[in-house]
Amino acid sequence: MIYLFVFCISSLIIYLGETAKLKRLAPNNNRYSKNDALNLFWTKKVLIIIALFIPIFLATFRHETVGIDVYTYMKPLYLCTKRSSDIADFFVQMKNDTALQYMDYGYGFIAYVACKFFGTLNGLFFVNELLCMLPVYFGIKNINSHLSRNKIDLNIPVWLGMFIWYCCFYNNSLNQVRQLIVCAILFYAFTLFLNKKYVITVLLFCFSLTLHISAIIFIYIVLTYLICKSKHNFLRYLLAFLLIIFLIFSIDIFYFGMNILKNLGLVPEKYQGEIFDVEYGERNINLSWLFIGLVMIFSSGFFYYKNRQNIFARFLFFVSLSFLSLFNISSYFSSFGRIQLYFMIYATVAIPSMSKVIKGNIIGNVSASSLLSILVVVAYWIVAVYLLDYTGTIPYKFM
């Protein structure tokens with residue numbers, strides 16, 4: 001349970017850092033000096049840094065047996081780095097290694113730099129978690145800026161968004177590292193897109209493609225937002241209809257599309273066996289993800305109902321619907337569960353929108369909706385991570 005302890009401590013410190021106010025430092029006459037404001041600024045920054053680095057250090061100093069993909073590609077990349085004389089030699093060895101022959105060059109470059117700089121596998125763990133967590137934190141901050149600037153009646157508590165990410169994604173970030181880094185970067189990229197920083201958005205998208213080809217799904221996410229932004233209701237009704245049709249007939253649609261891509265030579269060899277040799281009896285429904293998806297639909301759906309003209313409310317609802325529409329197909333093809341992660345990460349925003357459903361505070365500034373959100377994701381963590389251990393991170397072991 002060291003994970004839950006770290007999640008709670010980190011989220012609590014983020015809460016203290018985000019809610020620190022001048023009244024605790026100001027003189028009695030309520031006139032604030034520049035020193036008061038400067039002290040508050042650095043107090044908040046230090047608290048946030050401490051809060052974020054606690055779980056980062058937990059990931060850094062773990063034993064190499066924590067996380068299935070450590071032995072799949074992280075340790076082989078580290079060993080390639082140790083053997084190589086320079087980066088060109090590293091890439092040659094990487095492609096000649098049977099365990100790494102399909103490795104993307106972007107993540108290979110990250111692994112090479114991290115392992116060369118720190119000289120240890122744990123240094124790579126540190127860089128991995130840094131790239132997973134920081135984009136999510138700043139992404140939630142950017143979404144709040146967007147909501148505030150557009151006078152949208154919703155504020156996402158950053159501490160709550162991060163707690164949701166910890167419970168739903170932290171253990172996975174110790175395992176499916178490349179996927180979680182791409183998810184985090186594209187989540188941050190989308191928040192930059194919301195704030196009209198298009199050049200940086202495109203650059204981050206291109207960088208993500210070098211880490212994992214599944215980053216291409218970001219185009220669909222942006223198109224979904226543009227459809228939600230459109231003044232034509234027909235496009236939104238069409239998107240909802242197509243998502244429902246895909247949920248029902250996804251297997252047939254998937255096979256039809258994959259056969260076309262296979263004939264064109266566009267299906268990577270490493271996925272062909274999983275796609276074309278699967279039997280219908282080999283179905284595995286992730287009920288934990290289904291639970292999170294239904295909570296996302298409920299929260300974002302009610303938020304959308306209360307704010308029908310709000311573009312972001314529409315977008316959250318359609319992202320949640322997209323997440324659910326992939327369940328049928330991902331129950332047969334595990335790789336599509338990875339695609340779902342790109343939608344599931346918006347749970348950090350969709351679930352807190354529950355505040356539009358449940359009103360009132362329980363303790364101080366902690367609302368009833370926040371408490372319910374915590375209970376939902378803790379229940380998910382206990383079942384999906386602790387009991388089923390699908391990430392291979394239970395129990396935790398120090399290096």
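The values are calculated or read from the model by the stated rules, or taken from the named source; none is laboratory data. Not measured: the values here are computed from a predicted model. Positions of Cβ are generated from backbone atoms using ideal geometry, with glycine treated the same way; all protein chains shown enter the neighbour counts. Note: areas computed on protein heavy atoms with side chains; ligands, DNA, RNA excluded. Shrake-Rupley method; radii C 1.70, N 1.55, O 1.52, S 1.80 Å.
Of Thr65, Thr391, the residue with the largest accessible area leads and the full order is Thr65, Thr391 (1.4 Å probe). Pairs spanning more than 22 Å between alpha-carbon atoms, out of Lys44/Lys397; Lys95/Lys397; Lys151/Lys196; Lys196/Lys231; Lys151/Lys229; Lys75/Lys141: Lys44/Lys397; Lys95/Lys397; Lys75/Lys141.
Taking label positions 7 Å along the Cα-Cβ direction at both Phe246 and Asn150, the computed distance is 2.1 nm, reported to one decimal. In plain terms, the chain from Tyr220 to Ile394 could stretch by 59.2 nm, reckoned as 0.36 nm per residue minus the Cα-Cα distance.
Need one number: nm distance between label points at Leu12 and Glu64, each 7 Å from Cα along Cα→Cβ, rounded to one decimal. So the two model labels end up 3.5 nm from each other.
With R₀ fixed at 56 Å, the C-beta to C-beta distance from Arg308 to Thr210 puts the FRET efficiency at about 0.90. Under 5 Å from the amide H of Ser367 lie the amide H atoms of Ile362, each residue being 5 or more positions distant or on a separate chain, with H modelled from the backbone and absent for Pro and chain starts. With each label modelled as a point 7 angstrom along the Cα→C-beta vector, the Val113-Ile54 pair spans 2.9 nm. When the trypsin sites (Lys or Arg not before Pro) in segment 109-188 are filtered for DSSP coil states and for at most 16 other beta-carbon atoms within 10 Å of their beta-carbon, the remaining sites are Lys151. With θ taken as phi - 60° and the Karplus curve 6.51 cos²θ - 1.76 cosθ + 1.60 applied, the whole-hertz 3J(HN,Hα) list for segment 214-219 is 5, 4, 4, 5, 4, 4 Hz, x standing for glycine and proline.
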